[in-house]
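Structure first, commentary second.
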Amino acid sequence: MKAFSAIYDGASPAAAAIISVSLILLSGFLMTRVTKKLKLPNVTAYIVAGILIGPFCLNLVPAEIITGMEFLPDIALAFIAFSTGEFFRFETLKKNGPKVIVITVFESLTASLFVFILSCVVLRLDLAFSLVLAALAAATAPASTMMTIRQTGAKGDFVETLLQVVAFDDIVGLLAYSVAISVAVHSATGGAFSLSRIAVPVLTNALVLALGGVFGLVMKLMIQKKRSTDNRLIIAIALLFAFCGICTMFDVSPLLGCMSMGTIYINSTGDDKLFRQLGYFSPPILLLFFVRSGMSFNLRALVNPSGAVGAVPLLLIGVLYFVTRIVGKYAGAWTGCLLAKKARETRNYLGLALIPQAGVAIGLAALGARTLQGEAGQALQTIILASSVLYELIGPGCAKLSLYLSKSYSTKLEDLVPVSEQTPEGKPKTELELLIERIQKIQEEIPSWNINEEESAYTEEAERHYSLLAEDAASSFRRNAKRRHRK
């Protein structure tokens, strides 16, 4: 790749950065063309693209460009955390909160406990490294699971429980990480253990949550319905960036605060369209983040016999982490459902749908690597990235299997589209009549346009904005015409 790297020779830093960003965007997009045929999520494509163009493979992007993009994890996770806040509507929490919280706490923290025992007790790794790795095990990627639910059209108590658990799951993971990274930093500096090592990070995160709520109220006051799409996006992004900057200034994770911001905003305004608009705006930012994460993935260290954490090979840690987290998720989900008195189908198969791990875990790993630094930080990010790719490969299949085993969906037409088997007069319908009625019902449920919610929200606001501009122009034209007529 010397011929390609020659492009950067003699180029200005600005030119090198622009070319690199273009290359990152194009490589991520092109890789999705491959993974789409394999029915894999886009996150997998982005990570693989980053590995291929990164310094440990083709080396197409200069190292200083990768280093200069260290702010991307904070920005990307701000979007992810804010969008997660949409799921925490107070009326939903009052209705189903207690049982879902029990299940979520058990499935998240059991996975963390299993990984901590593996890394600290069995493998005897460093305490700081073990704490952070265990905390990262709690997070789950909801995208793959939700995609599978949409594809199968699954419904029922199992699906409702699953959706609520994956929504709560990341907040438990964020709390666990925030406490773990603070305790890890304190333990790495030495000194006797004290209650303050746990109390200080908990109090800090409580203050961040409160500050995020204040920013959510400010967002409500600044974003009004009459504002155009452009201004709504500008205000929302400006506040997210400002909050991230304040937290980074004090070396505090902004994730819980951004989630609190989204929660306060949705509950005080009910404006879910802003979340759709941000969801339509954020893909290029998330692509840059995930591809950059792939470029930071030290593939050689994972497969190299000399790559290790302490005396334990990195590959062995990665494999054991991959298996242990799955066991912990399943055991925790089973126990939580048992305590919450959920049905047997939910109890037995919920853990299978909680395997995927991507966005939040990768972002937290990037932040953890920056905090721990050195070989421990690099090893942490390598393990999470490698396992995330594997989780995303098997996650959708396991989720679909859990939906099928829990009887949440069926391939039979009579189960997919239930209709009355009798006429209004009480006479039984023929097989042909039932078939025609089911086909008509399916046609009614098919959307007239193949457009997602994010694009629809963004387009609606854009059209409204342009219509207002047209009305203003017409009004201005009429006023000017009247003035000319008077003269």
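The values are calculated or read from the model by the stated rules, or taken from the named source; none is laboratory data. Only a predicted model underlies this, so the values are computations on that prediction, with no experimental measurement involved. With ideal geometry, Cβ positions are generated from the backbone for all residues, glycine too; neighbour counts draw on all protein chains shown. All accessible areas refer to the heavy atoms of the entire protein, side chains included, with ligands and DNA or RNA removed. Shrake-Rupley method; radii C 1.70, N 1.55, O 1.52, S 1.80 Å.
Does at least one position in segment 28-35 carry a residue that is in contact (Cβ under 8 Å) with a residue 60 or more places away in the chain and under 14 Å from GLU392 (Cβ atoms)? Checked against the condition, which is being in contact (Cβ under 8 Å) with a residue 60 or more places away in the chain and under 14 Å from GLU392 (Cβ atoms), segment 28-35 yields no hits at all. Per this entry, LYS99 is not counted among residues that are of a type in the set (Lys, Arg), surrounded by fewer than 21 Cβ atoms within 10 Å (Cβ to Cβ), within 22 Å of LEU393 (Cβ to Cβ) and in contact (Cβ under 8 Å) with a residue 24 or more places away in the chain. Can you name the condition, by its number, that MET147 falls short on among (1) modelled with pLDDT of 70 or more; (2) open to solvent by 50 Å² or more (accessible area, probe 1.4 Å)? Condition not satisfied by MET147: (1).
Out of LEU288, LEU240, one residue alone is over 15 Å from PHE215 (Cα atoms), within 20 Å of the chain's Cα centre (by Cα) and modelled with pLDDT of 85 or more. It is LEU288.
Applying the set (1) under 22 Å from the mean Cα position of the chain (by Cα); (2) at pLDDT below 85; (3) in a helix (DSSP H, G or I) to LYS99 leaves exactly one unmet item: (1). Filter segment 211-247 down to the residues that are among the polar types (S, T, N, Q) and either in a helix (DSSP H, G or I) or under 16 Å from VAL360 (Cβ atoms) (or both) and list them by number. Of everything in segment 211-247, those that are among the polar types (S, T, N, Q) and either in a helix (DSSP H, G or I) or under 16 Å from VAL360 (Cβ atoms) (or both) turn out to be THR229, ASN231.
Within segment 248-291, being surrounded by 21 or more Cβ atoms within 10 Å (Cβ to Cβ), closer than 17 Å to VAL360 by Cβ and touching an Asp or Glu at 6+ places or on another chain (Cβ under 9 Å) holds for SER253, PRO254, LEU255, MET259, GLY262, THR263, PHE275, LEU278. In the condition set (1) polar (S, T, N, Q); (2) open to solvent by less than 60 Å² (accessible area, probe 1.4 Å); (3) over 23 Å from PRO396 (Cβ atoms); (4) part of a loop (DSSP other than H, G, I, E, B), THR140 is compliant with all but (3). Remark: ILE117 matches the filter, which requires a residue to be modelled with pLDDT of 85 or more and out of contact with any helix residue (DSSP H, G or I) (no Cβ under 6 Å at 6 or more places or on another chain). For segment 88-96, the condition of being buried (at least 20 other Cβ atoms within 10 Å of the Cβ) and either modelled with pLDDT of 85 or more or not in a loop (DSSP other than H, G, I, E, B) (or both) holds for none of the residues.
Within segment 36-68, if we keep just the residues that are in a loop (DSSP other than H, G, I, E, B), open to solvent by less than 50 Å² (accessible area, probe 1.4 Å) and within 14 Å of LEU393 (Cα to Cα), the residue that is modelled with the highest pLDDT turns out to be LEU40.
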